[in-house]
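Asks: First the structure, then my questions, so here it is.
The values are calculated or read from the model by the stated rules, or taken from the named source; none is laboratory data. Being a predicted model, the structure only gives us computed values, none of them experimental. For neighbour counting, all protein chains shown are included, and Cβ atoms are generated from backbone atoms with ideal geometry for every residue, glycine included.
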Amino acid sequence: MDLFLIVFPIALLLLGFPIYILLLATSACVLTLFMNVPLTAVHQTMFGSIDKFALLAVPFFLFAGEIMGVGGMSKRIVDWCMAVIGRVRGCQGLTTVGAATVFGAISGSAAATVAAIGRLMYPSLRATYGLKFSTGIISATGAIDILIPPSIAMILYGAAAEQSVAHLFIAGVFPGLLLAACNAGWVMYYAYRHDIHDTQRISFMDFLRTTKAGFWSLGAPAVILGGIYGGIFSPTEAAGIACVYGIVITKFVYGELTWHDLWNVGVNSMYLTAQILIIVAGAGVFSWILTVNGVPQAAVEFVRGLADQQWTVLIAINVFLLVVGCFIDPASAILILTPLLVPICKAFGIDLVHFGIIMTMNLAIGMFHPPFGLNIFVVQALTRAPTGAIYLGVIPFVILATIALVIVTYVPWFSLYLTKFI
């Protein structure tokens, strides 16, 4: 049976089956062929997997991010970042990084960030930096969104590992800023090395004007995160507040969101939510089968036989997750692998909040890592750029992100320091 649990899902994956079909088909076959368990257990476990309060935040944050992207918030954030950074060489690349970081504190979806920021920044980036660099930076900076709270990946990990979502959110702040700083440093180096002079004359009045125009957009992270850590509402409730805030600002303050737009956003968010939650349900059944058959315990013993120190275990897990992230989207990877990896972390004394950030960061890199990083295909759809050019453009950012990952992995301070204050 153990061999079947490995070979059959890999075969379905190579044949191109969706992840949820892979999980449910494998589970059904195992229950039918190897276990004397009624198939009604599949339905019960599926519903039990999605019957978690924390998961209510997923559709709300998806909806809020879509509203804020369509309703003009992203443009105001980009204009404000340009007003702040405009006098620095490499300002267009730095604005892309800065805008993605700020937008990441509003939207929980990396793909939404890439689409919102990339659509605005690509024409000027292409004209100044060329095709490879411009597509590479847009692909890479979207991954910051997965680390900067609120993060849908962290919500899913929190539900799977039974960890506090609020702690995971705050733990992702410094790693997200570290990744943004690495990208910003590369942009500045690239601009100086290639003698790119893209600075803009930005007066103090321009700064005041963009700050005034973007006040409500910039206030969204303060409302969302301030409410969570001020004890006003839970992360799940914050997601609902974000939706209300986004509708009020984009519809009644900015006037850029029509009722028709709102309907379309709702429909798109519904489809995205269904795609995620069907994977959650399928992964719940698969994880239950692994658990009752002792697979996590066997994995712990297997790892103990290969490595007997925490740092070597972390190396092995990081390499494994980087490879997985190249082929499987973060939501699927988190839901499938967390039940297997958490017992290993407990056995070697690895803090589960810290590990959540390590796992999220690995899979964030996978979002723009060739060959199948989702951000790469979003950028390709936006820009019509050759896929090969995007692959070349993301390589420096993959290297930088891997360096940041090593720092976060072996310096737990980055993940755990802020958790002391909540």
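Asks: How many of the residues making up region 186-218 are surrounded by 14 or more Cβ atoms within 10 Å (Cβ to Cβ) and either of a type outside the set (A, V, I, L, M) or touching a strand residue (DSSP E or B) at 6+ places or on another chain (Cβ under 9 Å) (or both)?
Replies: Number of matching residues: 13.
Asks: Can I ask one more? Could you grab me the full set of residues in region 142-180 that are among the charged types (D, E, K, R) and assigned to a helix (DSSP H, G or I)?
Replies: Within region 142-180, just ASP145 meets the criteria.
Asks: In addition: What number goes with the only condition from (1) part of a helix (DSSP H, G or I); (2) over 14 Å from the mean Cα position of the chain (by Cα) that MET359 does not pass?
Replies: All conditions pass for MET359, except number (2).
Asks: Taking the stated definitions as given, is SER74 in contact with a Lys or Arg (Cβ under 7 Å, 6 or more places away or on another chain), surrounded by 24 or more Cβ atoms within 10 Å (Cβ to Cβ) and farther than 21 Å from PHE53 by Cα?
Replies: The answer is no for SER74.
Asks: Here is a list: ILE249, ILE228, ILE279. Which entry is buried (at least 21 other Cβ atoms within 10 Å of the Cβ), at pLDDT below 85 and hydrophobic (A, V, I, L, M, F, W, C)?
Replies: Exactly one residue qualifies, and that residue is ILE279.
Asks: If THR32 passes every condition in (1) touching an Asp or Glu at 6+ places or on another chain (Cβ under 8 Å); (2) over 29 Å from THR360 (Cβ atoms); (3) at pLDDT below 85; (4) among the polar types (S, T, N, Q) but one, which one does it miss?
Replies: Going through (1) touching an Asp or Glu at 6+ places or on another chain (Cβ under 8 Å); (2) over 29 Å from THR360 (Cβ atoms); (3) at pLDDT below 85; (4) among the polar types (S, T, N, Q) one by one, THR32 breaks only (1).
Asks: From the list ALA347, ALA307, ALA299, which one is modelled with pLDDT under 80 and either over 28 Å from LEU14 (Cα atoms) or of a type in the set (D, E, K, R) (or both)?
Replies: ALA307
Asks: Looking only at region 390-399, count every residue that is surrounded by 18 or more Cβ atoms within 10 Å (Cβ to Cβ) and either touching a residue at least 40 places away in the same chain (Cβ under 8 Å) or out of contact with any helix residue (DSSP H, G or I) (no Cβ under 9 Å at 6 or more places or on another chain) (or both) and tell me the total.
Replies: 6
Asks: Hey, can you tell me all the residues within region 23-40 that are within 22 Å of LEU277 (Cα to Cα) and without any contact (Cβ under 8 Å) to a residue 24 or more places away in the chain?
Replies: Residues satisfying the conditions are ALA25, ALA28, LEU39, THR40.
Asks: Could you say which residue among ALA116, ALA105 is surrounded by 24 or more Cβ atoms within 10 Å (Cβ to Cβ), closer than 30 Å to VAL394 by Cβ and not aromatic (Phe, Trp, Tyr)?
Replies: ALA116
Asks: Also: Condition first: over 14 Å from the mean Cα position of the chain (by Cα), closer than 15 Å to MET154 by Cα and either part of a helix (DSSP H, G or I) or modelled with pLDDT under 85 (or both). Can you find one or more residues in region 318-335 that meet it?
Replies: Scanning region 318-335, I find no residue that is over 14 Å from the mean Cα position of the chain (by Cα), closer than 15 Å to MET154 by Cα and either part of a helix (DSSP H, G or I) or modelled with pLDDT under 85 (or both), so the answer is no.
Asks: Here's another thing I want to ask about it. In region 16-42, what count of residues is obtained for those that are over 26 Å from the mean Cα position of the chain (by Cα) and either surrounded by fewer than 12 Cβ atoms within 10 Å (Cβ to Cβ) or aromatic (Phe, Trp, Tyr) (or both)?
Replies: Qualifying residue count, region 16-42: 7.
Asks: Which residue pairs have Cβ atoms closer than 8 Å, lie 6 or more positions apart in sequence or on different chains, and pair a first residue in region 178-191 that is farther than 17 Å from VAL408 by Cβ with a second residue that is outside any helix (DSSP H, G or I) and hydrophobic (A, V, I, L, M, F, W, C)?
Replies: From region 178-191, the pairs are MET188/VAL88; TYR190/ILE196.
Asks: Might you check whether a residue that is outside any helix (DSSP H, G or I) and either of a type outside the set (S, T, N, Q) or modelled with pLDDT of 80 or more (or both) occurs anywhere in region 59-72?
Replies: Yes, that holds for at least one residue.
Asks: Within region 306-357, how many residues are within 21 Å of PRO150 (Cα to Cα) and either free of Cβ contacts under 8 Å to residues at least 60 places away in the same chain or not small (Gly, Ala, Ser) (or both)?
Replies: 13
Asks: Further, regarding this structure: For region 192-224, what are the residues that are within 27 Å of the chain's Cα centre (by Cα) and free of Cβ contacts under 8 Å to residues at least 12 places away in the same chain?
Replies: PHE215, GLY219, ALA222
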